[in-house]
Amino acid sequence: AFVVTENCIKCKYTDCVEVCPVDCFYEGPNFLVIHPDECIDCALCEPECPAEAIFAEDELPDSQRQFIALNAELAEKWPVITEKKDPPEDAEEWDGKPGKLAHLKR
Ligand code: SF4
Ligand code: F3S
């Protein structure tokens, strides 16, 4: 499956959800996740993310491996999102900042 990683947190551009053919993105307060059992590995979302936060599971940087479990866990909890919405006003300021996992709201 594809995995949403740390740089989505507080950026949440939502371009990704528009292209997903199986609607497997789930939305939390400041982050999105992919449901690993629903993703069909089509790879359409990966180039759509302005924050470059989406990776194929087997191409994840080591520092982001914990996001495999986090996507699986949170996809069960959060509601599905299928339409793009405005990002947070300060999304650009947060793009690329380190340590964003500490800001994840569940
Ligand atoms: Fe959806 Fe395809 Fe991205 Fe999986 S790889 S989350 S199926 S767009
Ligand atoms: Fe997040 Fe990128 Fe989608 S920032 S909401 S994974 S477009």
Revision key, fill the gap. Within the range 63-105, the count of residues that are more than 13 Å from Cys24 (Cα to Cα) and within 16 Å of ligand 2 (Cβ to nearest atom) comes to 24
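With near ligand 2 (Cβ under 8 Å from one of its atoms), crowded, with 22+ Cβ neighbours inside 10 Å and not hydroxyl-bearing (Ser, Thr, Tyr) as the only criterion, which of Phe2, Phe31 stands out?
Phe31
Scan the range 1-22 for residues that are charged (D, E, K, R) and either within 9 Å of ligand 1 (Cβ to nearest atom) or closer than 12 Å to Glu52 by Cα (or both) and jot them down.
Just the residues of the range 1-22 that are charged (D, E, K, R), to begin with: 6, 10, 12, 15, 18.
Answer for the range 1-22, where residues must be charged (D, E, K, R) and either within 9 Å of ligand 1 (Cβ to nearest atom) or closer than 12 Å to Glu52 by Cα (or both): Glu6, Lys12, Asp15.
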**Study point:** The lone exception for Asp37 - which of (1) touching a residue at least 12 places away in the same chain (Cβ under 8 Å); (2) away from ligand 2 (no atom under 13 Å from the Cβ); (3) closer than 21 Å to Leu104 by Cβ it fails
**Key:** (3)
Check your understanding: Within the range 6-28, can one find any residue that is touching a Leu at 6+ places or on another chain (Cβ under 6 Å) and in a strand (DSSP E or B)?
Key -> yes
**Study point:** Members of the range 49-106 found to be of a type in the set (Lys, Arg) and outside any helix (DSSP H, G or I), listed by number
**Key:** Arg65, Lys84, Lys85, Lys97, Lys105, Arg106
Check your understanding: more than 13 Å from Val4 (Cβ to Cβ) and either part of a helix (DSSP H, G or I) or more than 10 Å from ligand 1 (Cβ to nearest atom) (or both): does that describe Asp41?
Key -> no
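Mind checking which residues of the range 83-105 are surrounded by 10 or more Cβ atoms within 10 Å (Cβ to Cβ) and acidic (Asp, Glu)?
Start the filter on the range 83-105 by keeping residues that are surrounded by 10 or more Cβ atoms within 10 Å (Cβ to Cβ), which leaves 84-85, 87-88, 90-97, 100-101, 103-104.
Asp90, Glu92, Glu93, Asp95 - these are the residues of the range 83-105 that are surrounded by 10 or more Cβ atoms within 10 Å (Cβ to Cβ) and acidic (Asp, Glu).
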Review point. Based on what the data block shows, is Ala91 more than 12 Å from the chain's Cα centre (by Cα) and closer than 16 Å to Glu6 by Cα?
Key: yes
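Throughout, read-outs are computed from the coordinates displayed, never taken from laboratory work. This is a predicted model, so every value here is computed, not measured. FYI the Cβ positions are ideal-geometry reconstructions off the backbone, even for glycines, and counts take in every protein chain you see.
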